[in-house]
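Read through the structure below, which is laid out as structure tokens, and then see the notes.
The values are calculated or read from the model by the stated rules, or taken from the named source; none is laboratory data. Please read these numbers as outputs of a predicted model, since none were measured by experiment. All Cβ positions, even for glycine, are placed from backbone atoms using ideal geometry, and neighbour counts span all protein chains on display.
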Ligand SMILES: O=C(O)CCC(=O)C(=O)O
């Protein structure tokens, strides 16, 4: 039997998100035989008490993050600024540093080609891509996206998408990770972004294409990095709520939220609603809740490959606490 001290050490690190194999190695390094080390970690990792502790830890981290953000940004009324894209120094000082969303009407219009579903089909119809289908039979299709993946050609996807007048069944989402495909590399030749905002060589790996019919729904959630959400074709209705919203913190469920849109208004939760039109881009800082619904057949590109470190530790797994420090 492993000592109480070691068990506490394992539990503490598991709660903070450290991988089980690192803990087994830590125990072994402390002289615990391999089989006993594995059994100890497995038993603690699967215990209901640990699940509760983990949930509490995430809540505490989220609150700490929000308090830091609130202290850095200070109280301010919720208003969405619409402005021409400024130079990089102004963008980072005015929006990034203060975690302030803003709508820029002049980023996408700089691109060399507009992406309509038809033009993407003409240029890249043969390319095999991944998308999600069968979403409507699932109350949480985004959380279960892996169960909905299908592979098909871009031409097949666009044909299916354009045959749907309205619906949430078929959607090519961020998790399908199509932007890094070498066969789609030519897309990046079109993209012209404000100088200095992005780490351009990383764009294919730090961007997400969203392609679908009118009626797609991405429910209330927050991202863990800042994004520039570029609307290239069609319109999307976006509801934004600040990360420091107490009622939303209380109902957070991972990066999703148990509240739906109707409840925001009913419960008087501070939020702003806007329609993002083709050609407009919205800066959505990490932690800002957003619900996104397409009003038309739509093409969007969300970019997070900024020229600044863009991970804010919302769910960063914990680093290993050294063994034997008397946890
Ligand atoms: O366009 C969508 O449906 C969702 C986009 C989004 O929420 C995001 O990129 O974080």
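When the stretch 240-256 is filtered for residues that are more than 11 Å from the ligand (Cβ to nearest atom) and assigned to a loop (DSSP other than H, G, I, E, B), the ones remaining, listed by number, are 242, 243, 244, 245, 251, 254.
Please determine whether any residue of the stretch 67-89 is modelled with pLDDT under 85 and touching a strand residue (DSSP E or B) at 6+ places or on another chain (Cβ under 8 Å). Within the stretch 67-89 (the criterion being modelled with pLDDT under 85 and touching a strand residue (DSSP E or B) at 6+ places or on another chain (Cβ under 8 Å)), the answer is yes, since at least one residue qualifies.
The sole residue among 237, 202 that is surrounded by fewer than 19 Cβ atoms within 10 Å (Cβ to Cβ), touching a residue at least 40 places away in the same chain (Cβ under 8 Å), within 16 Å of the ligand (Cβ to nearest atom) and more than 27 Å from residue 72 (Cα to Cα) is 237. The set of residues from the stretch 136-165 being in contact (Cβ under 8 Å) with a residue 40 or more places away in the chain and more than 21 Å from residue 290 (Cβ to Cβ) comprises 157, 158, 161, 162, 164, 165.
Somewhere in the stretch 44-65, is a residue farther than 29 Å from residue 5 by Cα, surrounded by 11 or more Cβ atoms within 10 Å (Cβ to Cβ) and touching a residue at least 24 places away in the same chain (Cβ under 8 Å)? Yes.
Being surrounded by fewer than 18 Cβ atoms within 10 Å (Cβ to Cβ) and within 21 Å of residue 229 (Cβ to Cβ) is a property that holds for residue 196.
Counting only strands (runs of 3 or more DSSP E) wholly contained in the stretch 128-229, the ones carrying 2 or more residues that are assigned by TED's automatic domain parsing to the domain that holds residue 112 occupy 207-212, 217-221. Answer yes if at least one residue in the stretch 225-238 is at positive phi and more than 18 Å from the chain's Cα centre (by Cα), and no otherwise. Yes, there is a match, as at least one residue in the stretch 225-238 is at positive phi and more than 18 Å from the chain's Cα centre (by Cα).
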